[in-house]
Structures are given as structure tokens and as C-alpha cells.
Amino acid sequence: MPEQKQKFSYYLKLLYPFIKKDKGLLFFGLFAMLVTSALRLVDPLILALIIDKSIPNQDLSEMLRYGFMFIGVVLISGLLSYLQIVLLSRLGIKIITQFKGKVFSHLLKLPVGWFNKQPVGELIARVESDSERVKVLFSDLSITIIGNLLFFVGVFIVLLYRDWKTTSIILPIIAISIIAYSVLFRYISSFFRQIREKYAIVSAKITDYVQGMQMIQALNQEQRVIEDLRRASKDKQRTEIKTSFIEYGAQSFFMFIFNVVFVVIVIMLSAPKIIVGTATLGTLIVFIQYIYRMIWPLMHLSENVMQMQRSFVSLKRILELTALQTEDETFTGTQVPAFEHEIRFENVSFAYEGEDWVLKDVSFSIPKGKKIALVGPSGSGKSTTISLLCGFYHVQKGSVLVDGSPLRGLDFRAWRRNIGLILQDIYLFPGPILENVRVYNDNVDVDVVRNAISVVQLDDFIKALPDGLDTELAERGQNVSQGEKQLISFARALAFDSEIIIMDEATASIDPQTEARIQRTMNSVFGGKTMVIVAHRLTSVLDADEILYFSEGRITARGNHQTLLRESEDYRKLVELQLLGGKDE
Ligand SMILES: Nc1ncnc2c1ncn2[C@@H]1O[C@H](COP(=O)(O)OP(=O)(O)O)[C@@H](O)[C@H]1O
Ligand SMILES: [Mg+2]
């Protein structure tokens, strides 16, 4: 990770690829900026020439010439400053678009385990807001900060040249006032931070409450919710009012100092010299004009510097995301898996975090073409076993072997293509049902999809939809019931005709009748395939070749239904429990 010290060059190096393509934009933008800053110095000087030369000489034509020059400089300067903003903003937008694309495509390649530790909504929001800040760094911020610094240096040189005595008195006073204002601004910005935090609290509360609206109404909690929101908003409002009071007070005070006090000081210092002829009226005008032009940028200096610091923090956060190890890096091999005989778990121990072992010395084999069932209490490690099988995590001890080769050394994409994964919590993409079944894979024919749909008995459901298979699913499939979602995911596995079918409590949301119907069809359709089933209802595992009974991360019993009934008390209890629930065997 980057150290504080290597900051600038480190970032420049990482950023260079993004800027490279648009070097032209950057070059012309900076050039426009340089010229704009220089031109800002020029027009008061022309004014000084008119006052000091043309008027005393009573040279009207020279005065006209200077007048036109003045107009020309102002026009060109306006044009160029427009150009610099356009060019650099464009650069900023282009860079940030590439940047976001890179970050999101990188996120997609990260191991699943990484997302467990991240609240994803928050993460995405942070990437968005960080990107915005980085964008500003390239456009507005660089224009204001670099442009103004150039201008200040110019002012300093011109003033020293014209009247070094007055300059050396006035500049330190300006510097001290600016430092005082910065200190005050830092103080005020702690209030800005408070406001931001309170705003976040209010919107988080609103989001939570809106999501739980049904429960709030069912529990008659509307009044309490309103009270809670009112309190949070009131709190935010109080801080806002106090802040604006201090902020505008400080601003007005300093504006007064710069606008009035400095001008008075300059006049007091210059007037005696003008009277004795050691300084000119033009110089006084230049001083006053420059001071006016510096006020606004100077007042915003500390704000800009703070923005820049924040932009750098954002930039750092984003760049750190792109530096995270992707799955391509955690899998060491490229060997294409040939699954001919068996998948073996050999003395596998696994922990999501530190030494919290979730699986302890687990060994079993999944022979090709067999049906293996995982049963046991919740939290015993069944889903974890499935995740390891799919290569979502890497084991810490022991190994997962495919025909003797460690999973870690295989091409994980090719491995996952072998697997049809059906989970309890189904993910549907925003898009038509057709594409949700074949997952944008044109090799899967529409007829294959139709067939799969009919196997899972969704024909009637599809027929009732306005556009049939082309009906768009709402966000995360909100317009589809949980059971229908599961059936769609069954159809997905069918359409892909994967070699290995894995189901994790996949029938939990389907009613027993539908389940039984699907089961019969599935058995014939998936017959001959390798199946790994975490069963919600025991009915679906009675015919398994081997049932593994999981308890607290270990396999405590194994065998087929009959064997387990005889040998495992836990299994017997489980069966009794489900039979008591009124299921037929
Ligand atoms: N992503 C995760 N991060 C940390 N702990 C987890 C994670 N997923 C599951 N666990 C823990 O691992 C244990 C086994 O969980 P799991 O494999 O889901 O059990 P099962 O599927 O048998 O109900 C539980 O104690 C659970 O809290
Ligand atoms: Mg589970």
C-alpha cells in the first residue's frame, strides 16, 4: 500500500494510463490555463498605462489604442478561461468514466469472500462519491488551484516591480489574514462534517423505514417512526442553522477586511508617494485591482486545499480497490478440469475468519453420476461445503480434488461451467425471463429454454405474462414470487445441461405438491448427472446414493437412508421430526 510520502508520484504513475490517451486535452487545457492566468494580470496594467501616460500626454489616439487592447485582452481572457474549463472538465469526465469502469470490472472479479465483509450498497455509493471527488480534482480543482497559484505569483512579481515597498508591507498582512481565515474555516468545516453525518443518519433512517413499511404499518408504529424522523431532522436543522450563522459571519467579516481595510491601507501608503511623484496613480489602480481579484480565490484557498485533500483520499481508496487480488490471482492454475471419476474432499478444514473453524477435517467423495445429499442442522456447514465445491473460497487445510487435481490449480471459470447451481436465495438479473434462463448465452436455443420452462411446469405462468418469455423482470425479480424464482433457476440449470447439479435448499419456497411433481421430472431429466443436494425436506434425499449428516462442521454419520436410519440417532430424530410435520414418506 502507498505511503503518505510517495503520494504524488505514486498516484501520477497509476493515473498516467488514464491520461495517456488524452494528453492533447491535458496539454491544451493547461496551456489555456497558463495564458488565462497571465492575461488576468494584464488589463489593470493597460489601465495604468492610460492613466499614467495617455492622459498626461493628452494623446487621444494612444488612449484609443490602449482602450482596444483592453477590450481585446478581456475578451480573449474570457474565451480562454471558457476553453480551459471545457477542456479540463472533459478530461475529468473521460478519466473518471474509465476509472469507474475499471473499478467495477475489477470488483466483479473479486472473490465472493471479499463481499461478505463489505456492505455492498455502501461500497457502491462510496465508489460513486469518491469518483465524483476525483473528477473534480481534474477539472474544477486543478483549474482553481493551479490557475490561482500562477496568478498569485504573477501578482507578486508585478507588484514588487512596480512598488516593492508598499508590496512588502501589504503582502505579509494579506498572508496573515488568510491564515487566520483558514484556521477559522477549518473550525467551520468541522460543522460541515457534522451536517454531512447527520444528513447520512436521516437518510439511512428513511431508507430503513421505507423498506420495512409493511411491518411498520402492521405493528402500528407509524407515530413512533414519525417522531424518530422528526427528532433526527431537528437535530440536523439545529447544526445547519448554527453553521450558516458562523460561516456567513466569518465570510462577511473577512470580506470587509479585504475590501475596505486593505484598500484604505494601500491608499494611505501610496498617496504620499503619488503627491511627491515617486509613485503613480496607475500603480495605485493596479494595486487595488489586484487586491480585488485576489480576494475571492484567497478566501476559497483553504476550502480548495481541503477539497483537494479529500479528493486524494478518495483517489487512494479507489486505487486501493483496484489493487485487490482478483480470483484470477488467487487461483494458481490454468489446467482445464476433466471430471471423469470423482470430486474428493480430503481432510478439509475451513474458516471464514481466523481460527473460527466452520468445517473440521471433512472427508468425502462425490463419484461421477451419483447423488449425494447433505443434511443436518442449520449452521452445521452444508452451504459452506457447497461454496468450497464451487471454488468461491479456498480451503485452509486439506484439499478439494477433482480427479486427483487440487481445485485451486484448475481454470476456475471452466470448472464453474460444469456446475448448475440452484440456491435458496435466487438471483435474477434485470432483463427478460428468456435471458434469465439462458443467461445471455446465445448457444442456448429458445426451444431449449421453452422445454426447460415446461419441465419445471412454468408454462402457465409464462403464458399469463404480457410478453411471455420476453417479459422484463423488475429489479431483482420483484414481480415474481419466491417459488416462481426458484422454478426459473431450475429451468436455468436444465437449459445449461450442466454436468454437476448442486442444490442448496432449493425447494424451500415451493409448495410440497409442486416440489413432488418437479422432483419426479427432475429425476428423469437429471438422471445420470452428478448431484449434490442440501435438502430442505428429506423427501428429496431418500433416494440419494449417500447421505452425509453434518453436525457442527463435521460429518458425524454417512450412508444411504436405510443405513442411517439404523445407525444414526440424529438422523432418526430428523426423520421423525419431519414425519411428525405430516410429510408422507
Ligand atoms: N460468509 C460467512 N462469513 C462468516 N461466517 C459464515 C459465513 N457463512 C456462514 N458462516 C458461518 O459458518 C457456519 C456454517 O454455515 P453454513 O455453511 O451456512 O451452514 P448451513 O448451510 O449448514 O446452515 C455458521 O456458523 C455460519 O454462521
Ligand atoms: Mg445453508
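Every number here is computed from the coordinates shown, using simple stated rules; none is lab data. A quick note: this is a predicted structure, and the numbers were derived from the prediction, not measured. Cβ atoms come from the backbone with ideal geometry, glycine included; neighbour counts cover every protein chain shown.
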The chain: calculated mean residue ellipticity at 222 nm from DSSP helix runs of at least 4, using -39500 (n - 2.57): -21500 deg cm²/dmol
Spin-label proximity, Y161 to the stretch 37-60 - amide N less than 20 Å from point 7 Å beyond Cα toward beta carbon: 37-54
Mean Cα-pair separation over length for the chain, i.e. relative contact order, pairs under 8 Å, 6 or more apart, %: 13
Amide hydrogen neighbours beyond the local backbone of H341, cut-off 5 Å, H modeled: D403
Packing-based exposure ordering (other Cβ within 10 Å, fewest first) of D403, D52: D403, D52
D504 long-range amide H proximity, modeled H, under 5 Å: I422, L423, Q424, V534
Dipole in debye (nearest 20) - the chain, about Cα centre, beta carbon charges: Lys, Arg +1; Asp, Glu -1: 2500
In the stretch 413-443, chymotrypsin sites (Phe, Trp or Tyr not before Pro) in a DSSP loop with at most 13 other beta-carbon atoms within 10 Å: Y427, Y440
Directionally averaged shadow of the stretch 7-327, computed from the convex hull of its alpha-carbon atoms, nm²: 22.4
Gained length - S551 relative to R90, 0.36 nm times residue gap less alpha-carbon distance: 160.0 nm
In range of the label at D403: residues from the stretch 336-358 whose backbone nitrogen is under 19 Å from the point 7 Å along Cα→Cβ: 336-346
Relative packing of peptides 486-494, 548-556 - highest average C-beta neighbours within 10 Å first: 486-494, 548-556
Sequence-separation-based contact order of the stretch 426-497, relative, with Cα cut under 8 Å and 6+ spacing, percent: 52
A373 long-range amide H proximity, modeled H, under 5 Å: I533, E546, I547, L548
Partners for K370 among lysines (Cα-Cα distance below 23 Å; same-chain residues under 8 apart left out): K382, K529
Residues V120 and D208, FRET efficiency given R0 of 25 Å [Cβ-Cβ distance, rounded to 0.05]: 0.95
Crossing angle, helix 512-525 versus the chain [Cα axis fit, 0-90 degrees, rounded to tens]: 80
Principal-axis tilt of helix 281-322 within the chain, Cα atoms, nearest 10 degrees: 10
Diffusion constant of the stretch 482-585 at 4 °C, which comes from Stokes-Einstein with the Kirkwood Cα-pair radius and 1.567 mPa s, µm²/s: 88
Too-long pairs where the Cα-Cα distance tops 20 Å, listed order kept, from K94/K117; K20/K94; K371/K397: K94/K117; K371/K397
Between the stretch 131-178 and the stretch 60-77, the alpha-carbon center distance in angstrom: 26
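What's the ranking of 367-378, 319-330 by average number of surrounding C-beta atoms within 10 Å, highest first?
Highest-to-lowest ranking by the protection proxy: 367-378, 319-330.
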Nearest 10 degrees, 0 to 90: helix 482-496 Cα axis against the chain principal axis: 80
Label zone at S190, where the point sits 7 Å out along the Cα-to-Cβ direction: the stretch 236-257 residues whose backbone N lies under 20 Å: 236-251
By average C-beta atoms within 10 angstrom, highest first, the peptides 306-316, 133-143: 133-143, 306-316
Relative contact order for the stretch 7-327, counting Cα pairs under 8 Å that sit 6 or more residues apart, in percent: 30
